Structure formats: structure tokens, C-alpha cells
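Q: Handing you this structure, nothing more for now.
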Amino acid sequence: MASMTFELIKKSARSKARRGRITTLHSVIETPVFMPVGTQATVKAMKPEEVRDMGADIILGNTYHLFLRPGHELIWEAGGLHKFMNWSGSILTDSGGFQVFSLGKMRKITEEGVRFQSYLDGSRHMLTPESVVEIQTALGSDIMMAFDECAPYPADRRYIKDSLERTTRWLKRCKEAHTNTEEQALFGIMQGGMYKDLRKESADQIVEMDLPGYSIGGLSVGEPKEIMYDILDDCADWLPEEKPRYLMGVGSPDCLIEGVARGIDMFDCVIPTRIARNGMAYTSFGKVSIKNKQYERDFTPLDPKCDCYTCRNYSRAYLRHLFKAGEILSSILLTHHNIHYLLDLMKQIRTAIEEDRFEEFRLEFYNETGDTWK
């Protein structure tokens, strides 16, 4: 079989929302899908079995971080990322493009690639389109991302245009270097900043290469959500209907719903695990900061409508105590809840699309959660 297939099952009549199915060599992935992030070959504070039991069929690993530590050669020796981390589902690996620009010290961009210093020890490294494909081939991910330049926000038009054209040239080199096509799918990345005409230009260039899927990069990089939504309004229209569309680095509940409404199939973000470690939870009535004094003697579940392990067994008062005491269990329980919440939200979204009531679901979501997402 092909390394990856995509089936478009149903389209919403009143929005761009769509229901699909991705099949890789490791799993079947129902879309729209939220993909938990396992940056360092682990979804922080969770065992792989727990993530899979929640219904996650695909997670992310990160090329930049795994390249620096423990090294892709070691992971290859271990039998690949699936075996190394004991994950039976699919894995998508980011190319490291975003991390090079956000974490890499003293970086220098050339046509060849990016030179940078490691954030770990200051050692100097070079990533090129060819080396990024080589690293991801060694990792053995089901879906690999092309090396791109993730431009900052704000950035002037000339810079963005030069950046997107470089990203296109790098994509061509990634495609030429990618030989393991029967086991790994290569996705291209649309850039173009906050300029719609440049977004269209980037889309036209990457679609011409006829790849298994396409992603939208360079959003959720500091711009207001309203600007991101405005850019997204047209992005999906410029990508092939018969292939999956992936919005990179976006994962708050409201952004997931708004992305689905604009035709996006795949999402990822570190936010549910990161905010859990800081005492924040997503619930059916909005965001909850468990550290607040009001929960000190609140012996009700974190979210009465949630059936996750945390909500079935522990009270808000106990969760607040754990957080205040600096206990590791606080991160574990809140992370478990947040991942469960987002996976369940996507399941509800898929059902709503199937039943032609996505727009009603979208309205109900905001009615129940209010303006807590601002």
C-alpha cells in the first residue's frame, strides 16, 4: 500500500468543515484530528498506553529536539521512534524549522540551510533540507514535514516573499532527498505570513509538487486570533480537496473549532500539556485555573461533564492542593484531563459533521464556554 492515504467522507453543507480518514502503515486516523505532541519522544506526564487508550491514533515527535538529544542515529539503532518510545500508532515528525528559528541561538540562514547553536550546550549545528529528511527517515515517522523557514510576526512583505520562495526551493530539495516513499509521506508547508496573496503564491508552488498532504505554517506565531482566522478563511481553498490539510501549532479548543470551520483536518499543539503543568485545565464551561482560592474547599469534579480518569476520581480541592504543594501528580492528572478533553472535543466535532449539525455545535460550544478563550 501507499505510505499514506486520505479519504474524504463528508463535507458540511454550511461551512468548510469536513470529515475524513487518514490511513498510514501504523493506524487509521479519523479527521478532523488533534495530535498530542511528544516533543522529546514522550507526551509529557503521560504513558504511551494512556494516550492510545484515550483514542489518540497519531502523535508528534520533533526533529530538532531529537536530533540534538539523544540523536537520530541512536533512535535508528533502537529500531526507530515507534519502538524507541513504545508507540504503536502513527507518528508525525516536525522538520524542526520552527524550533530552529524560535530556539536556535546565533542562527544564520543561507540557501544551503540554517546554522545555529544548540540551546542545550551551545554546540554548533547545520540543518539542511537533505539532512532534515535524513533525520526523519532514521526516526521512521509515518509523516515527515519538509524543512521550511518560519518567518516571525510581524515581518515586512519583502522578507516574507523571499522566505516563502526559499521554503519552496527547500521543499524541492526535500522531495528529491525523500526516497522512502513507500513507508513515509512527505508534507509540504505553506508560508506567506499575513499576506493573502503571498499565501496563495506559496500554495500554488507547493501544490505543484503533488505531495500526499499539505500543511499551513507561520500562523499562531504571535498574531491576534482574528488575523489568523482571516488568513485561514482562504488557505484551505488553495489546497487540494482530496488531500489532508494540517494547521501547525494550533490547539486551543476555540482555535480547533474555528480551524475545522475553515476546512482544516489536522492540528497539533503543546498547549494542553504546557498549561496543565501551570495549573490550567480546559473544561466544558471554559478554562479553569485550579490554583485559584475559590477551589480550596471545592470537592466537586474538575469538570462534571467529563468522564476522564481525573474527573472520575479527584476533586478540584485535591487538584489545587497537589498544585500548591508542587507535586508531580498535579501535572499528571491535569495533563490527562486536558488531552482527554481535546480528543473528546474532536470526536464530538466529527460526529457533528457527520450529522450535519456542525454549525449548531459551534454555537453551543461558545454559549457554554463564554469568552474564556480570549
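Q: For the chain, what is the charge dipole size about the Cα centre, in debye to the nearest 20, if Lys and Arg each add +1 at the Cβ and Asp and Glu each add -1 at the Cβ? Before the final figure, lay out each step's value.
A: On the way: 48 positive and 54 negative charges, 248 e Å.
In total the dipole reaches around 1180 debye.
Q: Over region 15-123, what relative contact order in percent results from Cα pairs under 8 Å that are six or more residues apart?
A: Details: 136 pairs, mean separation 23.3, N = 109.
Value for region 15-123: 21 percent.
Q: Averaging sequence separations of C-alpha pairs under 8 Å and six or more residues apart, then dividing by the length of the chain, give the relative contact order as a whole percent. The partial results should precede the final answer.
A: On the way: 721 pairs, mean separation 63.5, N = 374.
After rounding, I find 17 percent.
Q: If packing is taken as the average number of other Cβ atoms within 10 Å across a peptide's residues, how do 318-326, 132-140, 296-304 rank, most packed first? Display every interim value, and only then the final one.
A: Values: 318-326: 17.3, 132-140: 24.1, 296-304: 14.8.
Per-residue Cβ counts within 10 Å, averaged per peptide and sorted highest first, yield 132-140, 318-326, 296-304.
Q: Continuing with the same structure: Show which lysines lie in cross-link reach of K287 when reach means a straight Cα distance below 23 angstrom and same-chain residues fewer than eight apart are skipped.
A: Cross-link targets: K44, K225, K305, K324, K347, K374.
Q: Under 15 Å from the 7 Å Cα→Cβ point of E182, by amide nitrogen: which residues of region 1-28?
A: Those under the cut-off are 1-4, 25.
Q: A further question follows. Leaving ligands, DNA and RNA out of it, report the carbon-plus-sulfur percent of the accessible area of the chain at a 1.4 Å probe. If you can, show how the numbers build up before the last one.
A: Details: 7840 of 15720 Å².
Summing carbon and sulfur atoms, their accessible area is 50 percent of the total for the chain.
Q: Over the chain, average the accessible area per residue using a 1.4 Å probe and give it in Å², no decimals.
A: On the way: 15720 Å² over 374 residues.
That works out to 42 Å² per residue.
Q: Which of T128, F6, F101 sits farthest toward the positive end of the charge dipole of the chain, with +1 on the Cβ of Lys and Arg and -1 on the Cβ of Asp and Glu?
A: My answer, from the dipole projection, is F101.
Q: A further question follows. With θ set to phi - 60°, apply the Karplus curve 6.51 cos²θ - 1.76 cosθ + 1.60 along region 322-329 and write out the HN-Hα couplings as whole Hz, x wherever there is a Gly or Pro.
A: 4, 5, 5, 7, x, 7, 4, 4
Q: Output wanted: per-residue J couplings in Hz (rounded whole) for region 83-99, from phi through Karplus 6.51 cos²θ - 1.76 cosθ + 1.60, θ = phi - 60°, x for Gly and Pro.
A: Karplus-based 3J(HN,Hα) across region 83-99 equals 6, 4, 9, 6, 10, 8, x, 7, 10, 10, 10, 6, 6, x, x, 5, 5 Hz.
Q: Please give the calculated 222 nm ellipticity per residue for the chain, where each DSSP H segment of at least 4 residues contributes -39500 (n - 2.57) and the sum is spread over every residue; nearest 500 deg cm²/dmol? Let's see the in-between values first.
A: On the way: 15 runs with 153 residues, N = 374.
The helix contribution divided over the chain gives -12000 deg cm²/dmol.
Q: In nanometres, what is the gap between the two model label sites at I9 and R124, each 7 Å from Cα along Cα-to-Cβ?
A: Result for the modelled spin labels: 5.2 nm.
Q: Please compute the modelled spin-label separation between E134 and S315, points set 7 Å along Cα→Cβ, answer in nm with one decimal.
A: Taking the simple label geometry, S315 and E134 are separated by 5.9 nm.
Q: Restricting to Cα pairs below 8 Å that are 6+ residues apart, what does the relative contact order work out to for region 268-332? Please round to a whole percent. It would help to have the intermediate numbers written out before the result.
A: Numbers: 75 pairs, mean separation 19.4, N = 65.
Here the relative contact order equals 30 percent.
Q: Right, here's the next one. Using only Cα atoms, find the angle between the long axis of helix 358-369 and the longest principal axis of the chain, and express it within 0 to 90 degrees, rounded to the nearest 10.
A: That works out to roughly 50 degrees.
Q: In whole angstrom, how far apart do the alpha carbon centroids of region 30-53 and region 136-210 sit?
A: Between the Cα centres of region 30-53 and region 136-210 lies a distance of 25 Å.
Q: So, one more: Given R₀ = 35 Å, what would the calculated FRET efficiency be for D298 paired with D233, taking r from the Cβ atoms and rounding to 0.05? Display every interim value, and only then the final one.
A: Details: r = 41 Å, r/R0 = 1.16.
After rounding to 0.05, the efficiency reads 0.30.
Q: Taking 0.36 nm per residue of separation and subtracting the Cα-Cα distance, what length does fully extending E327 through T372 add?
A: On the way: separation 45, 0.36 × 45 = 16.20 nm, distance 2.68 nm.
Working it through step by step, the gained length comes to 13.5 nm.
Q: Right, here's the next one. I want to verify a result. In a Gaussian network model of the chain, Cα cutoff 10 Å, which of these has the top mean-square fluctuation: W238, W170, W87?
A: Highest fluctuation among the options: W238.
Q: By residue number, which cysteines of the chain lack any other Cys whose Cβ falls under 4.7 Å from their Cβ?
A: For the chain, the answer is C150, C174, C235, C255, C269, C308, because their Cβ atoms have no other cysteine Cβ under 4.7 Å.
Q: Placing unit charges on C-beta atoms (Lys and Arg positive, Asp and Glu negative, everything else neutral), compute the dipole magnitude of region 240-317 about its Cα centre in debye, rounded to 20.
A: Values: 12 positive and 10 negative charges, 94 e Å.
Roughly 460 debye, rounded to the nearest 20.
The values are calculated or read from the model by the stated rules, or taken from the named source; none is laboratory data. Worth saying up front: this structure is predicted, and the values here are computed from it rather than measured. Here Cβ is always computed from backbone atoms with ideal geometry, including for glycine, and neighbour counts include all displayed protein chains. Only protein heavy atoms, including side chains, enter the accessible area calculation; ligands, DNA and RNA are left aside. Shrake-Rupley method; radii C 1.70, N 1.55, O 1.52, S 1.80 Å.
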